[in-house]
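Trainee: Below you will find the structure I want to go over with you.
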Number of protein chains: 2
Amino acid sequence: MADHKAQIQEKIKLQGETVRRLKAEKADADKISEEVSKLLDLKAQLGDDGPPQKFTLKTPKGTRDYSPQQMVIRNRVLDKIITVFKRHGAETIDTPIFELKEVLTGKYGEDSKLIYDLADQGGEILSLRYDLTVPFARFLAMNKISNIKRYQIAKVYRRDNPAMTRGRYREFYQCDFDIAGQYDPMIPDAECVKVATEILSSLELGDFIIKVNHRRLLDGLFEACGIPASSFRAACSSVDKLDKTPWEEVRAEMVGEKKLDPDAVDRLGEYVRMNGGEELADTLLADPKIGGTAAAKEGLQGIKLFLKYCKLFGLSSEISFDLSLARGLDYYTGIIFEAVLLGQFNGETAEDSVANKSKENSAREVGVGSVAGGGRYDNLVGMFDSKGRAVPCVGISIGVERIFSILEANVARQKAASGEVLRTTEVEAFVASAQKNMLTHRMELCRDLWDAGIKVEMSYKQNPKLLAQLQYCEERGIPLALVIGESEVEKGIVKVREVTSRKEEDIPRDSVATEIRKRLPQCS
Amino acid sequence: MADHKAQIQEKIKLQGETVRRLKAEKADADKISEEVSKLLDLKAQLGDDGPPQKFTLKTPKGTRDYSPQQMVIRNRVLDKIITVFKRHGAETIDTPIFELKEVLTGKYGEDSKLIYDLADQGGEILSLRYDLTVPFARFLAMNKISNIKRYQIAKVYRRDNPAMTRGRYREFYQCDFDIAGQYDPMIPDAECVKVATEILSSLELGDFIIKVNHRRLLDGLFEACGIPASSFRAACSSVDKLDKTPWEEVRAEMVGEKKLDPDAVDRLGEYVRMNGGEELADTLLADPKIGGTAAAKEGLQGIKLFLKYCKLFGLSSEISFDLSLARGLDYYTGIIFEAVLLGQFNGETAEDSVANKSKENSAREVGVGSVAGGGRYDNLVGMFDSKGRAVPCVGISIGVERIFSILEANVARQKAASGEVLRTTEVEAFVASAQKNMLTHRMELCRDLWDAGIKVEMSYKQNPKLLAQLQYCEERGIPLALVIGESEVEKGIVKVREVTSRKEEDIPRDSVATEIRKRLPQCS
């Protein structure tokens, strides 16, 4: 045992050095946090004869707590998103955090390995949901719903290697908007993209583009370039890496790992690096090799109709028809899209990145993040229906964790620049005592104000100091202090003090609630 | 294989008969749903050569989806609860749905067996959270926070045998309000109960009482009655069953299963069936056997101070000092409380149950539900701190699932009585076409209204029928229909139709947004 412990202590020493070296080298923050995590795990192994708490105090890998400050930001973001979803007439549902494992099986292609399973404790075999789309499809099939426009905001789980500094987690929120039903082509699809643009605009995240493509066009391209149908999904997942990886590497993966014919891959390479607008669709339709393939033609005609509807919805500069967009998930069948912020990361300004974009004719070389994605999935619900009845669906999912990260950084910058504090409560008035033995009166005043719907607090001490109480108001941004002492109680008044201006006024105790409402028109 | 299948088919036949028999006997709904679930599982085993979907389409045992109608009710309830939490100055946090397993170990006594574990997929050993209290304590210790008033609304997980018809699930929401910090005795404790009463009143659930007791008093009682200290927790969990189980059965469990001395148990029985107010505390303090025990005296003096503060907060008829209240969890150290609705279940009216209450001097014989509970836990945070630093805490948890069930039943009754439909969207106007080929114009009008912040919808068909569109508005309770045809487009107008009155008026297209705002003062 002692030997074993010494071994661990030696490992801790070495790992500590690794961490110090990486920090000195200012290495990648994710790399550092990975090594710190290893260090903490080693320390945890040391175990038993320590203090009362025998394990490392942390949240599970890839997860985080939200502090009150972070919750304020999170709720602001979610409120803005919900406002847009409701503006488009969506209703909302909720589903359990876990599903029968079979519900998730066969829906995520190569990503299935990232699913969290629950332990078999006797009973059903369960997994945590990986997204909100598959549970939504299960919900539709189970309840035989053939028409719905719904949003859902909830956490999903992926056993990925998280890059938390960039807002990527193992537990994270998705905000989904989906339209299910048998409708005319591309009308709901265009509304999904309209919803995404309204959300990104209202969050004021700077410029963005929405890349769009069509799964049928990709299938047609693969076919036209001579990639066998059995390799379409594998090719798709390689092509999907083009937003982060240069073509040469993607080519190497397709030829090497996936054993695709180099000539076919080179032919494909000509196309998947193209992007543009309606004119690109026309060019490709006129290309006999592409336009002559049924699937590609179908996809291109779909894209054209989609772009026309986007224009009617006031969108065109935001939309980029991009043949490199593939989306990893198996279930897409039609239009696919992905929203990318331009130049928020790497300290780049939006202007820089737009310049880059025109230079490279693509935003993809810029190290920016995808913040929304989605597409059409017409066959997923049918996979759950005992008679295979299909309910065509299209939807968009907003990846809010990255948005939270960006806005948290903004708030931190503001705080550093102007000292501006983010309020985490909505307290309107603080009931304070000017002298000892006022607890009874403070409690009664609080009671009356709570019962009148005013947001008030008081100190939980018997005899708090007045200065400490007023300081608390200042620190927490509470606008009004209601000060009572023996003389106020005798006269039946309350001293109402504006915390920032320090102006004070005596108000009859019975009209305090009315007075607060008058002074704080925003109050409840 | 064929033999195996025949066996299952035979089992299905037998199980089907069981289900039919139970239904015919109008057996307990939980029992029926349990047997139906077994039947479905058997059918699922039949497996492979069936339709595309090879497994039972259901949510995991003890969980449910929330339909849009249920979500409206859920969000109304949560909004009211959040309003109260904010009125008392609480900030909010969030924690991951799972924790390192060690975080939960040793916190829940006999209930630990109900914890859901995640599968070991390499890496950390994780469990789903069982409540919000232990993660909150972990959060405080990890971030070295010594003062906070926070609320948290989130799902928790218990592998219990659910009674779903009565609003008990394996996945369910808790709404917690906790005050952490070193303060003067009973002031935050009384505020927690004030918060609970404000919430239950604002939800209009009928009469309720809040039972209170003190863990130190219970310890003192056990000691005074001659129960050994090592059996206090076991005795606690038996006493806790007195709200649902007659004394004779609880006594039998303590004497039989838990091997406690029958005389000691009988002495205890004299006390744990008492309830009342401040006068009961005085009576017990005057009882030499009880008042002479240090722990009991401490508990009784605490109760007295607590009841005094509750009175100052305007509470007394709602509070019942009840010696049978024990609360199962290990971590409580001081005051404990539980809110019980009177006469909502079993078709009983509030009046009936109040009558019962005065007759029996207790609400506990009435089959009603606990809807909130909590208490003081001064040592939990210290269990996570490497130096054992304590952060005293007190909190209340609202069990909203039962409240959802009650309100869902109310809405269903209303619907049956008056045909009143619950709106699940907030759509203010529907853009409709009076004739064919208006899609372009409908899309443009929607765009303009969305961009003006109005909540609008339109049909996703190229050429929907006007009647179908107007019917949709009626069914969904959309107040306005905006009808356009070729002549309206030519004249630059929109026909604004009030859906219920069917009154129509022509409005210039450019002022439609303004007009909608005027007609719907509540609109965005």
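Here, each number is a calculation from the coordinates, and none is a lab measurement. Fair warning: this is a prediction, and the values are worked out from it, not measured in the lab. Every residue, glycine among them, receives a Cβ derived from its backbone with ideal geometry; neighbour counts consider all protein chains shown.
Trainee: How far is helix A:400-418 tilted off the main Cα axis of chain A, in degrees rounded to 10, range 0 to 90?
Mentor: Roughly 40 degrees, rounded to the nearest 10.
Trainee: Which of rounded, prolate, oblate describes region B:186-246, given a ≥ b ≥ c as roots of the alpha-carbon gyration tensor eigenvalues and a/c under 1.5 marking rounded, otherwise prolate only if a/b is larger than b/c? Write down the numbers at each step before the final one.
Mentor: On the way: a/c = 3.99, a/b = 1.91, b/c = 2.09.
Oblate, since a/c reaches 1.5 and b/c is not below a/b.
Trainee: Counting only other residues whose beta carbon sits under 13 Å from that of A:Val255, what net charge do I get with K and R as +1, D and E as -1?
Mentor: -3
Trainee: Right, here's the next one. Give the calculated FRET efficiency between A:Phe232 and A:Ala452 to the nearest 0.05, with a Förster radius of 51 Å applied to their Cβ-Cβ distance. Could the numbers behind the result be given before it?
Mentor: Details: r = 66 Å, r/R0 = 1.29.
According to the calculation, E is roughly 0.20.
Trainee: Still on this structure, please answer the following. Expressed as an acute angle from 0 to 90° and rounded to the nearest 10, what is the orientation of the C-alpha long axis of helix A:68-87 relative to the principal long axis of chain A?
Mentor: 60 degrees
Trainee: Taking the dipole about the Cα centre of the protein assembly as shown, with the C-beta of Lys and Arg at +1 and of Asp and Glu at -1, give me whichever of A:Ile97, B:Pro288, A:Val340 is farthest to the positive side.
Mentor: Value: A:Val340.
Trainee: For the pairs A:Lys113/B:Lys101; A:Lys308/B:Lys461; A:Lys311/B:Lys491, flag any whose C-alpha to C-alpha distance is greater than 20 Å.
Mentor: Where the Cα-Cα span goes over 20 Å, the pairs concerned are A:Lys113/B:Lys101; A:Lys311/B:Lys491.
Trainee: If you take the charge dipole of region A:69-140 about its Cα centre, with +1 on Lys and Arg Cβ and -1 on Asp and Glu Cβ, which of A:Gln70, A:Pro135, A:Ser112 is farthest toward its positive end?
Mentor: A:Gln70
Trainee: Then there is this: Which listed residue (B:Val411, B:Tyr377, B:Ser317) has the Cα farthest towards the positive end of the charge dipole for chain B, taking +1 on Lys and Arg C-beta and -1 on Asp and Glu C-beta about the Cα centre?
Mentor: Positive-most Cα among the choices belongs to B:Val411.
Trainee: Let me ask something additional. If you filter region B:429-486 for trypsin sites (Lys or Arg not before Pro), then keep DSSP loop positions with at most 15 other Cβ within 10 Å, what is left?
Mentor: B:Lys436, B:Lys465
Trainee: Given label points at 7 Å from Cα along Cα→Cβ, what nm distances, shortest first, separate B:Asp79 from the same residue in every other copy?
Mentor: 1.3
Trainee: Now for a different question. Sum up the charges of everything whose Cβ sits under 13 Å from the Cβ of A:Glu278, counting Lys and Arg as +1 and Asp and Glu as -1, but leave A:Glu278 out.
Mentor: +1
Trainee: Classify region A:422-468 as rounded, prolate or oblate, taking a ≥ b ≥ c as the square roots of the eigenvalues of its Cα gyration tensor: rounded when a/c is under 1.5, otherwise prolate if a/b is larger than b/c and oblate if not.
Mentor: Oblate.
Trainee: Right, another one. Net charge near A:Ser67, counting Lys/Arg +1 and Asp/Glu -1 over other residues with Cβ under 12 Å of its Cβ?
Mentor: -1
Trainee: What is the average number of partner chain Cβ atoms found within 10 Å of a Cβ in B:97-107? Could the numbers behind the result be given before it?
Mentor: On the way: counts 8, 10, 4, 8, 2, 6, 6, 0, 2, 0, 0.
Per residue, the average neighbour count from other chains is 4.
Trainee: Continuing with this model, one more query. Using a ≥ b ≥ c from the Cα gyration tensor of chain B (square roots of the eigenvalues), is it rounded, prolate or oblate, where a/c under 1.5 gives rounded and otherwise the larger of a/b and b/c decides, a/b for prolate?
Mentor: Note, shape of chain B comes out prolate.
Trainee: Tell me the distances, shortest first, between B:Arg389 and the same position across the other copies, using label points 7 Å along Cα→Cβ, in nm to one decimal.
Mentor: B:Arg389 label point versus its equivalents elsewhere: 6.1 nm.
Trainee: Report, in listed order, any pair from A:Lys241/A:Lys297; A:Lys436/A:Lys495; B:Lys241/B:Lys415; A:Lys86/B:Lys415 with a Cα-Cα distance greater than 26 Å.
Mentor: Check vs 26 Å cut-off fails for B:Lys241/B:Lys415.
Trainee: Now for a different question. Roughly how many Å is it from the Cα centre of region B:486-524 to that of region A:459-483, as a whole number?
Mentor: 52 Å
Trainee: Say a label goes 7 Å from Cα toward Cβ at B:Lys311 in every copy; what distances in nm does this one have to the rest, shortest first?
Mentor: 7.9
Trainee: Can you give me the Cα centroid spacing of region B:236-253 and region A:167-218 in angstrom?
Mentor: Centre-to-centre (Cα) distance: 56 Å.
Trainee: Per-residue mean of other chain beta-carbon atoms within 10 angstrom of the beta-carbon, peptide A:308-316?
Mentor: 3
Trainee: Other chains' Cβ within 10 Å of A:61-69 residues: what's the mean?
Mentor: Neighbouring Cβ atoms belonging to other protein chains average 6 per residue here.
Trainee: Not counting the cut sites, what is the longest span of chain A without GluC sites (Glu not before Pro) that DSSP labels loop and that have at most 13 other Cβ atoms within 10 Å?
Mentor: A:26-203
Trainee: Roughly what angle does helix B:133-142 make with the longest principal axis of chain B, taking Cα atoms, 0 to 90 degrees, to the nearest 10?
Mentor: Between the helix axis and the principal axis of chain B, the angle is about 80 degrees.
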